[in-house]
2 protein chains.
Amino acid sequence: MQNPFDDTYFMKRALQEAEMAFEKGEVPVGAVVVCKDKIIARAHNLTETLNDVTAHAEMQAFTSAADFLGGKYLMDCTLYVTLEPCQMCAGASYWTQIGKIVFGASDEQRGYEKLKTTLHPKTEVVRGVLAEDCSKIMKRFFIEKRNLN
Amino acid sequence: MQNPFDDTYFMKRALQEAEMAFEKGEVPVGAVVVCKDKIIARAHNLTETLNDVTAHAEMQAFTSAADFLGGKYLMDCTLYVTLEPCQMCAGASYWTQIGKIVFGASDEQRGYEKLKTTLHPKTEVVRGVLAEDCSKIMKRFFIEKRNLN
């Protein structure tokens with residue numbers, strides 16, 4: 001039997017978070033942290049709302065997941081995030097020792113891969129899950145923003 | 001007349017924060033953010049207390065400084081931090097567009113310089129201010145920790 005809780009399933013949940021960010025006028029990036037097929041944290045970008053450049057979806061999701069687990073480390077967890085993490089978020093993931101990162105769209109300019117941020121040696125990476133949907137919501141956001149200005 | 005508010009003056013304030021971390025059993029790293037010779041944020045590492053690997057002194061100081069200024073960007077500010085920032089904190093500094101980073105001790109293993117994190121092009125860096133004092137408190141911490149275990 002196929003496991004219904006695959007990467008696509010959880011990326012869709014991250015996309016729902018990105019939609020929530022979009023509706024608030026935030027750059028639409030969403031994230032969930034999953035542990036044993038269960039979502040233990042969900043977050044979306046809140047940099048405008050909180051007036052805080054550190055309030056990326058991933059940062060909040062890490063904090064929230066650690067709080068849920070009662071331990072700082074997330075070795076048994078997977079981060080699903082709609083956009084490739086930046087240096088800050090990839091750097092944070094190093095400290096969490098997260099088991100796996102699954103991201104949707106690549107960020108050619110400010111993504112950690114181009115900028116060569118070091119991940120934790122135990123962190124596995126999966127790229128491009130629902131990449132088109134994850135990319136589309138970003139494009140839609142920036143087109144709408146341009147038209148408003 | 002000599003300006004009493006030089007890098008050494010503010011690094012001493014960051015060291016006071018590191019001492020506060022030490023007393024709480026936290027890795028003793030302290031930071032202040034200065035804007036026009038005025039400290040607008042102070043923080044120390046709270047990763048153990050908050051059970052959160054993202055609670056580095058710098059991250060809290062950025063959040064707090066932006067909150068004080070009512071704007072997300074810190075172009076006119078200087079971060080003083082006792083230890084060279086890690087990838088996460090240097091990555092966060094990129095987003096803040098901070099004007100200047102002054103650090104004390106180098107972190108040969110996990111500092112952003114060795115790991116080649118990209119800073120904002122407008123960020124100036126000054127290294128090694130009170131480096132010996134900043135390094136000493138770290139060594140003292142790890143020696144005490146080793147003796148307790």
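Structure notes:
- Nearest-10 value in Å² for the accessible area of B:L69, using the 1.4 Å probe: 80 Å²
- Shape category assigned to segment A:1-138 from the gyration tensor of Cα positions, a/c cut at 1.5: rounded
- Three-way shape call for segment B:66-149 based on the alpha-carbon gyration tensor, with the a/c threshold at 1.5: prolate
- Candidates per trypsin sites (Lys or Arg not before Pro) in segment B:1-101, loop by DSSP, up to 15 other Cβ within 10 Å: B:K24, B:K36
- Comment: the Cα-to-Cβ extended label point of B:V126, at 7 Å, lies 4.9 nm from its counterparts in the other copies, nearest first.
- This model, with +1 at the C-beta of Lys and Arg and -1 at the C-beta of Asp and Glu, gives chain A a dipole about its Cα centre of some 140 debye.
- Ranking by accessible area, most exposed first, for A:E113, B:E132, B:E26 with a 1.4 Å probe: B:E132, A:E113, B:E26
- Counting Lys and Arg as +1 and Asp and Glu as -1 over every other residue whose Cβ lies under 10 Å from the Cβ of A:R127, the net charge comes to -2.
- Projecting the Cα positions of B:S135, B:A21, B:S64 onto the charge dipole of chain B (unit charges on Cβ atoms of Lys, Arg, Asp and Glu, taken about the Cα centre) puts B:S135 furthest along the positive direction.
- Span from the segment A:10-65 Cα centroid across to the segment A:69-138 one, whole angstrom: 12 Å
- Accessible surface of the protein assembly as shown [probe 1.4 Å, protein heavy atoms]: carbon and sulfur percent: 51 percent
- Positive-end residue, chain B charge dipole about Cα centroid, Cβ charges, pick of B:V125, B:G30, B:A105: B:V125
- Mean Cα-pair separation over length for chain B, i.e. relative contact order, pairs under 8 Å, 6 or more apart, %: 21 percent
- 27 Å Cα-Cα threshold exceeded, pairs from B:K116/B:K145; A:K72/B:K139; B:K38/B:K72; A:K38/A:K145: B:K116/B:K145; A:K38/A:K145
- Interface size B-A, as summed buried accessible area [1.4 Å probe, Å², nearest 100]: 2400 Å²
- When the chymotrypsin sites (Phe, Trp or Tyr not before Pro) in segment B:69-149 are filtered for DSSP coil states and for at most 13 other beta-carbon atoms within 10 Å of their beta-carbon, no site remains.
- 1.4 Å probe accessible area per residue over the protein assembly as shown, in Å²: 49 Å²
- Residues B:E58, B:E48 ordered from highest to lowest accessible area at a 1.4 Å probe: B:E48, B:E58.
- Theoretical ellipticity at 222 nm over chain A - DSSP helices of four or more residues, -39500 (n - 2.57) apiece, nearest 500: -13000 deg cm²/dmol
The values are calculated or read from the model by the stated rules, or taken from the named source; none is laboratory data. These numbers come from a predicted model, not from an experiment. Here the Cβ is made from the backbone with ideal geometry for all residues, glycine too, and neighbour counts use every protein chain on show. Each accessible area value is taken on the protein alone, full model and side chains, heavy atoms only, with ligands, DNA and RNA left out. Shrake-Rupley method; radii C 1.70, N 1.55, O 1.52, S 1.80 Å.
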